[in-house]
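Beneath this line is the structure, given in structure tokens, with notes to follow.
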Amino acid sequence: MSAAAPIHELADLVQDDRIHRTLYTDPAIFELEMDKIFGRAWVFIGHESQVPNAGDFLTTTIGTRPVLLSRHSDGQVYVLYNRCGHRGALVCNEHFGNTGKSFRCAYHGWTFRTDGRLLAAPLKNGYPECYDLRGPEFSMNAIQTESYRGFIFACAANVPLMSFEDYINLMKPTIDDIVDRAPEGQVRVSRKAHRYVYYGNWKEQTDNAGDVYHPPYGHESTMTQGERQFQRREGQDGVSLAEGTAALSPWDQLRLHVLPSGNNCIGPIPGAEKERTGPVWAKYMESLVLTHGKARATEIVKEKFHAGFFWPNLILHMLSQHVRVVHPIAVDKTEVRVYPIELVGAPEEMNRAVIRYMNVTHSPASLIQTDDLECFRRVQLGLQRTSPEWVILGRGYRPGENLEGAIQDFGTSEAAIRAHYRAWKKYMVS
């Protein structure tokens, strides 16, 4: 494909049960995705707890565009383009920190308020009167944002293709599920993250967010002889990854919830319903009962979801209690950042354990995430060849499948991945 590929050619690359391999390998398609998807969709930026004080910031990206999350002196949180209004240099180079009352560009000293407005331009008398340095072209412009229970999303387009309410509405229960687990009704998302880069397209990670077909095979090396994984959270032994011998495996029995927005959520995985025990868990339940009463506390800890995926870049993981954010770099290079989630009011031992378990499951040297990254690398290598041209996503496919409404399917269906690409097509051709 050329960089100026006609829209009808793009539309042909996504069919009901398959996608063309060039969606993973063509640099021109990648560049269009950065504008048409990441430039117009609701993209997860961060959590309010990551910038608790005035002057706090967190740097991130919208696609390949550098942006930052900033808490201004009025207490409001802004998402700003991380770009100097003078010569375009990256203003903030650190991953997070506190800048005080202003951001200062290292190149020529231009200084900006923490809401993005230009504060000072050195030797500004050198600019003729035809330039109004108060204009938006000379600022670190703010991007429109929306949030739900502290989770902040931004859209770079003036008019989003989908309203935030339509985007977030049916996914609210996944956020509620994890926030309600906190005895004080709030979560704290770490500013420090596990960061790793893999050789592969960004959609290989997002495909994986709706794929419950792979665990018994891709993560087989993490199983014990009893076909159980190591412990992944406080108060519970490892879950079973057994394939099962019945016609309907345990992984088929969980429910996959698929939305037309491209979002999806995965129901509890096999073994997750097992009762949690131990002194730390008992201490946690005491604090939850004190806040909500026994009946509500019992309902809160009942397993409802394994993970939720907010297309195109956020994975909210309940079992391992983290936020995973996908950052495209190039057509064959992707960065992933994993931020632990602490439950405010839970025992400190329990919150520390989240980080300890995450080192085992989703760090750069972990036992689980590294399996996935190796598979992504192999997919990227395999799709370089011109034949076969198509990637078939036919598991659970039914001709005439509902393409517009929310659906539920068996766990190992590829319905969620097909929904990702219906959303991809909608954004890319409109």
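The values are calculated or read from the model by the stated rules, or taken from the named source; none is laboratory data. Quick caveat, the model's predicted, so the values are computed rather than measured. FYI the Cβ positions are ideal-geometry reconstructions off the backbone, even for glycines, and counts take in every protein chain you see. Side chains are part of the model used for accessible areas, which takes the heavy atoms of the whole protein and leaves out ligands, DNA and RNA. Shrake-Rupley method; radii C 1.70, N 1.55, O 1.52, S 1.80 Å.
Miscellaneous remarks
- Dipole moment magnitude, nearest 20 debye, the stretch 104-218 about Cα centre, only Lys, Arg, Asp, Glu C-beta charged: 680
- Relative contact order for the chain, counting Cα pairs under 8 Å that sit 6 or more residues apart, in percent: 22
- Carbon and sulfur %, accessible surface of the chain computed with the full protein complex present, 1.4 Å: 51
- Surface accessible to a 1.4 Å probe, His214 within the full protein complex, Å²: 40
- Mean separation of Cα contacts under 8 Å, 6 or more apart, over the residue count of the stretch 47-123: relative contact order %: 25
- Spherically averaged projected area in nm², based on the convex hull that wraps the Cα atoms of the chain: 23.1
- Under the Karplus curve 6.51 cos²θ - 1.76 cosθ + 1.60, θ = phi - 60°, whole-Hz ³J(HN,Hα) for the stretch 362-373, x wherever Gly or Pro sits: 9, 8, x, 10, 7, 8, 9, 4, 5, 4, 5, 5
- The calculated FRET efficiency for Val197 paired with Glu220, based on their beta-carbon distance and R0 = 22 Å, is about 0.30.
- Distance histogram in 5 Å bins (all Cα pairs of the stretch 32-86, percent per bin): 4, 20, 26, 20, 18, 9, 3, 1
- Computed over the stretch 301-430, the range of Cα coordinates on each principal axis works out to 51, 34, 28 Å, biggest value leading.
- For the stretch 289-336, the relative contact order is 19 percent, taking Cα pairs closer than 8 Å that sit 6 or more residues apart in sequence and dividing their mean separation by the residue count.
- In the chain, helices alone account for a calculated mean residue ellipticity at 222 nm of -7500 deg cm²/dmol, with every DSSP H run of four or more residues adding -39,500 (n - 2.57).
- Share of Cα-Cα pairs in the stretch 1-108 lying beyond 18 Å, as whole percent: 59
- Cα centroid separation - the stretch 260-327 against the stretch 371-393, whole Å: 32
- Among the listed pairs Lys302/Lys425; Lys124/Lys192; Lys101/Lys124; Lys192/Lys425; Lys304/Lys426; Lys333/Lys425, those beyond 26 Å (Cα-Cα): Lys302/Lys425; Lys124/Lys192; Lys192/Lys425; Lys304/Lys426
- Three-way shape call for the stretch 46-201 based on the alpha-carbon gyration tensor, with the a/c threshold at 1.5: prolate
- Entry comment: accessible area of the chain is 44 Å² per residue, from protein heavy atoms only and a probe of 1.4 Å.
- Ordering Tyr107, Ala415, Gln384 by Cα displacement along the dipole of the chain toward the positive end leaves Tyr107 in first place; charges were set at the Cβ atoms of Lys, Arg (+1) and Asp, Glu (-1).
- In a simple Cβ point-charge model (Lys, Arg +1; Asp, Glu -1; nothing else charged), the chain has a dipole of about 1020 debye relative to its Cα centre.
- Cβ charges +1 (Lys, Arg) and -1 (Asp, Glu), total dipole of the stretch 361-417, debye: 200
- The Cys residues in the chain with no partner Cys Cβ within less than 4.7 Å of their Cβ are Cys92, Cys130, Cys155, Cys265, Cys375.
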